[in-house]
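S.K.: Can you keep this structure in mind? I'll have questions shortly.
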Amino acid sequence: MNRLQAMELFVSAVREGSFSAAGRRAGLSPASVSRYIGELEAQLGVQLLNRSTRHLGLTDAGKIFFQRTEQVLHGIEDAEAAALALQTAPRGTLRVHSRTLFGIKVLSPLIPGFQKLYPELKVEMRLSERRAQLREDEFDVDFQIQAPKDPGLMQRRLLRSERILVASPDYVARMPKLREPEDITRHNCLTYWMGPDDVVWTFMRRSRLREIVVPSSLSSNNGVVLCDLAVAGHGIALLDDYTVAEELKSRRLVRLLPGFRVTNSTFDEGIYAAFLQSSYLPEKIRVFVDYMAENVPRQVKRSAN
């Protein structure tokens, strides 16, 4: 039995909640995962998991073993990172996660230039509308739209931004004038889905806040969808300024209520690169974050000009 692999599969099975999910991550069948963990239990002489057809539960011994094993695996990761930090040329695979609209509009155009500088690095980029769990999801870098507060994470702010209201010129021409935030209630609003509660946009001018319950004619958890619908004249969308720079430049969208700051969450907005805290930052992460810190503002400015 490969003891280290068995420990990794045990931790993965606990995190994922099943042998099947752990097997998919490791490229093994559920039966193989079960066999590895069974052999580990036999070697230790204790039962680590309570198994049922739908659930894996930790025994008391399993809870202690899981905590200690996680620490051991983290230590191995740090040791590997220390060795990789001494490489003269970054190589291997860099796994990156980003919000969809930022990934498409800003990040994707910069990847070819980065790979010309570091041809031995393979980049795997995944886009979604959630915040990644870096260790559990095995990502090296996650691009987030708010400062990460998770313990064990390091961060670097790449870009300051603000959310703005936009609509197509055609929509603006045929709908009631929008002069004050309260006028938004007479409009079709394209909103970012954040749950079943009412959608609230907060407006601020000269430190005065106004919270408006927004009538949402359509909601989506994908900024690309909202942007495309706004361009097509279906309503008003609240989007990050850098994601609609090209549309504003080409007049496919126009900005509304420019005298107000507006948000659906927080006014502390921007793009942050988040990565796991480590005594030895892998060279592949360091050069990637440095490259993006230098080029993301340029890419956004280029789109706007």
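The values are calculated or read from the model by the stated rules, or taken from the named source; none is laboratory data. In this text, all values refer to a predicted model and were calculated from it rather than measured experimentally. Neighbour counts run over all protein chains shown; Cβ positions are idealised from the backbone, glycine included.
S.K.: In region 206-243, which residues are of a type in the set (Val, Ile, Thr), part of a loop (DSSP other than H, G, I, E, B) and under 19 Å from residue 107 (Cα atoms)? Before the answer, list the steps.
M.R.: In the first step, residues of region 206-243 are kept if they are of a type in the set (Val, Ile, Thr); the result is 212-214, 224-225, 231, 236, 243.
Adding the requirement that they be part of a loop (DSSP other than H, G, I, E, B) leaves 214.
Hits for region 206-243: nothing passes.
S.K.: Residues that are surrounded by fewer than 17 Cβ atoms within 10 Å (Cβ to Cβ) and modelled with pLDDT under 90: list the strands (runs of 3 or more DSSP E) wholly contained in region 252-305 that include at least 1 such residues. First the steps, then the outcome.
M.R.: Working: elements: 254-256, 261-263, 270-276.
Output list reads 270-276.
S.K.: Take region 210-251 and flag every residue that is crowded, with 21+ Cβ neighbours inside 10 Å, at pLDDT below 95 and among the small types (Gly, Ala, Ser).
M.R.: Correct list: 223 only.
S.K.: Being touching an Asp or Glu at 6+ places or on another chain (Cβ under 8 Å) and at pLDDT below 80 is the filter here; which residues of region 87-131 pass it?
M.R.: Those that are touching an Asp or Glu at 6+ places or on another chain (Cβ under 8 Å) and at pLDDT below 80: 87, 89.
S.K.: Can you work out which of the residues in region 173-221 that are touching a residue at least 60 places away in the same chain (Cβ under 8 Å) and touching a strand residue (DSSP E or B) at 6+ places or on another chain (Cβ under 6 Å) is nearest to residue 231 (Cα to Cα)?
M.R.: For region 173-221, the residue satisfying everything is 191.
S.K.: Further, regarding this structure: Residues that are of a type in the set (D, E, K, R) and within 30 Å of residue 282 (Cα to Cα): does region 19-40 have at least one? Reasoning before the result, please.
M.R.: Going residue by residue through region 19-40, those that are of a type in the set (D, E, K, R) are 24-25, 35, 39.
In the following step, the residues that additionally are within 30 Å of residue 282 (Cα to Cα) were identified as 24-25.
Yes.
S.K.: A further question follows. Name the residues in region 115-136 that are under 27 Å from residue 162 (Cα atoms) and either surrounded by fewer than 19 Cβ atoms within 10 Å (Cβ to Cβ) or of a type in the set (Gly, Ala, Ser) (or both), would you?
M.R.: Correct list: 125, 126, 127, 128, 129, 130, 131, 132, 133.
S.K.: Scan region 97-156 residue by residue and report those that are polar (S, T, N, Q) and part of a strand (DSSP E or B). Break it down into steps so the answer makes sense when it comes.
M.R.: Filtering region 97-156 for residues polar (S, T, N, Q) gives 98, 100, 108, 115, 128, 133, 144, 146, 155.
Within region 97-156, 98, 128, 144, 155 qualify.
S.K.: Moving on. Scanning for something more than 16 Å from residue 273 (Cβ to Cβ), at pLDDT below 90 and either not assigned by TED's automatic domain parsing to the domain that holds residue 204 or not hydrophobic (A, V, I, L, M, F, W, C) (or both), does region 140-151 turn up at least one residue?
M.R.: Narrowing region 140-151 to residues more than 16 Å from residue 273 (Cβ to Cβ): 151.
Still in the list and also at pLDDT below 90: 151.
Next, from what is left, pick out any that are either not assigned by TED's automatic domain parsing to the domain that holds residue 204 or not hydrophobic (A, V, I, L, M, F, W, C) (or both): 151.
Looking for residues that are more than 16 Å from residue 273 (Cβ to Cβ), at pLDDT below 90 and either not assigned by TED's automatic domain parsing to the domain that holds residue 204 or not hydrophobic (A, V, I, L, M, F, W, C) (or both), one finds at least one in region 140-151, hence yes.
Yes or no, residue by residue, for (1) within 13 Å of residue 6 (Cβ to Cβ); (2) assigned by TED's automatic domain parsing to the domain that holds residue 279; (3) modelled with pLDDT under 85:
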residue: 35; (1), (2), (3): yes, no, no
residue: 42; (1), (2), (3): yes, no, no
residue: 46; (1), (2), (3): no, no, no
residue: 51; (1), (2), (3): no, no, yes
residue: 68; (1), (2), (3): no, no, no
residue: 76; (1), (2), (3): no, no, yes
residue: 79; (1), (2), (3): no, no, yes
